[in-house]
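J.: Questions regarding the structure given below will be posed in turn.
The values are calculated or read from the model by the stated rules, or taken from the named source; none is laboratory data. Worth saying up front: this structure is predicted, and the values here are computed from it rather than measured. Cβ atoms come from the backbone with ideal geometry, glycine included; neighbour counts cover every protein chain shown. Calculation scope for accessible area: heavy atoms of the full protein, side chains included, ligands and nucleic acids excluded. Shrake-Rupley method; radii C 1.70, N 1.55, O 1.52, S 1.80 Å.
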Amino acid sequence: TLTPTSAAPVPPQSVLINEVAWAGTRASASDEWIELHNPGPEPISLAGWQLTDGGDIQVSLAGGLPPYGYYLLERTDDQTIADVGADRIYTGGLNNAGEVLRLLGPQGELVDSANGSGGGWPAGSASTWASMERRGGSDLSGNWGGFTGYHGVGHDAEGNFIRGTLRS
């Protein structure tokens, strides 16, 4: 198990936790998903990287992120977003009351976090299944917002629109 070794500044062309659907989807509150983003012009190998909540989510990542690309993690199976394929399936669940997600690099270094100061999720909605979207570079409460559109990208397991902007 990798643990964060420091809170060193994130390199400008590193990977970000970009979107967190901690409330699931209309089809199921258990259908959570997480999106990573490469904001830079160089591909990034995810070999040896890990996404963790320090508890039941311990995801070893694989593959890579193309320049300016996205990496989709779906909980339990690839039907969370029925018409968009997952890059990785994970187990464990996100607490609707909030928790901290950490993205660790291949040496166990802290690369990024979501809700890093703890407490309740700074954005998203359990009543509308809206995802929490990063709107700024660093993991500060004011840099997260809830999906505000009516139709998002993709459909859940029952054909309802996802309330988020995965892969875009």
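J.: Would you pick out the residues in the range 72-86 that are in a loop (DSSP other than H, G, I, E, B) and open to solvent by less than 70 Å² (accessible area, probe 1.4 Å)?
T.: The initial filter retains those residues of the range 72-86 that are in a loop (DSSP other than H, G, I, E, B), namely 76-86.
Within the range 72-86, D77, D78, T80, I81, A82, V84, G85, A86 meet the criteria.
J.: Let me ask you something else. Only residues that are among the hydrophobic types (A, V, I, L, M, F, W, C) and within 21 Å of E74 (Cβ to Cβ): list them for the range 140-166, please. Quick ask: steps written out before the conclusion?
T.: Of all residues in the range 140-166, those among the hydrophobic types (A, V, I, L, M, F, W, C) come to 140, 144, 147, 153, 157, 161-162, 166.
Within the range 140-166, W144, F147, V153, A157, F161, I162, L166 qualify.
J.: Can you name the residue in the range 112-133 that is in a strand (DSSP E or B) and crowded, with 21+ Cβ neighbours inside 10 Å and is also farthest from the chain's Cα centre (by Cα) among such residues?
T.: A130
J.: Given the criteria in a loop (DSSP other than H, G, I, E, B), under 16 Å from N18 (Cα atoms), of a type in the set (G, A, S) and open to solvent by less than 20 Å² (accessible area, probe 1.4 Å), does G164 qualify? Working first, answer last.
T.: Details: in a loop (DSSP other than H, G, I, E, B): yes; under 16 Å from N18 (Cα atoms): yes; of a type in the set (G, A, S): yes; open to solvent by less than 20 Å² (accessible area, probe 1.4 Å): yes.
In short, yes.
J.: Given the criterion of a type in the set (G, A, S) and closer than 19 Å to P39 by Cβ, identify the matching residue among G92, G137, G108, G98. Break it down stepwise before answering.
T.: Values: G92 fails: closer than 19 Å to P39 by Cβ; G108 fails: closer than 19 Å to P39 by Cβ; G98 fails: closer than 19 Å to P39 by Cβ.
Step by step, each of G92, G137, G108, G98 is checked, and only G137 is of a type in the set (G, A, S) and closer than 19 Å to P39 by Cβ.
J.: A further question on this structure: Cβ-Cβ under 6 Å, sequence separation 6+ or interchain: first residue in the range 12-40 and over 17 Å from E133 (Cα atoms) and touching a residue at least 40 places away in the same chain (Cβ under 8 Å), partner open to solvent by 20 Å² or more (accessible area, probe 1.4 Å) and not β-branched (V, I, T). Which pairs?
T.: That search, which allows pairs on different chains as well, returns R26/W129; R26/N160; A27/A157; A27/E158.
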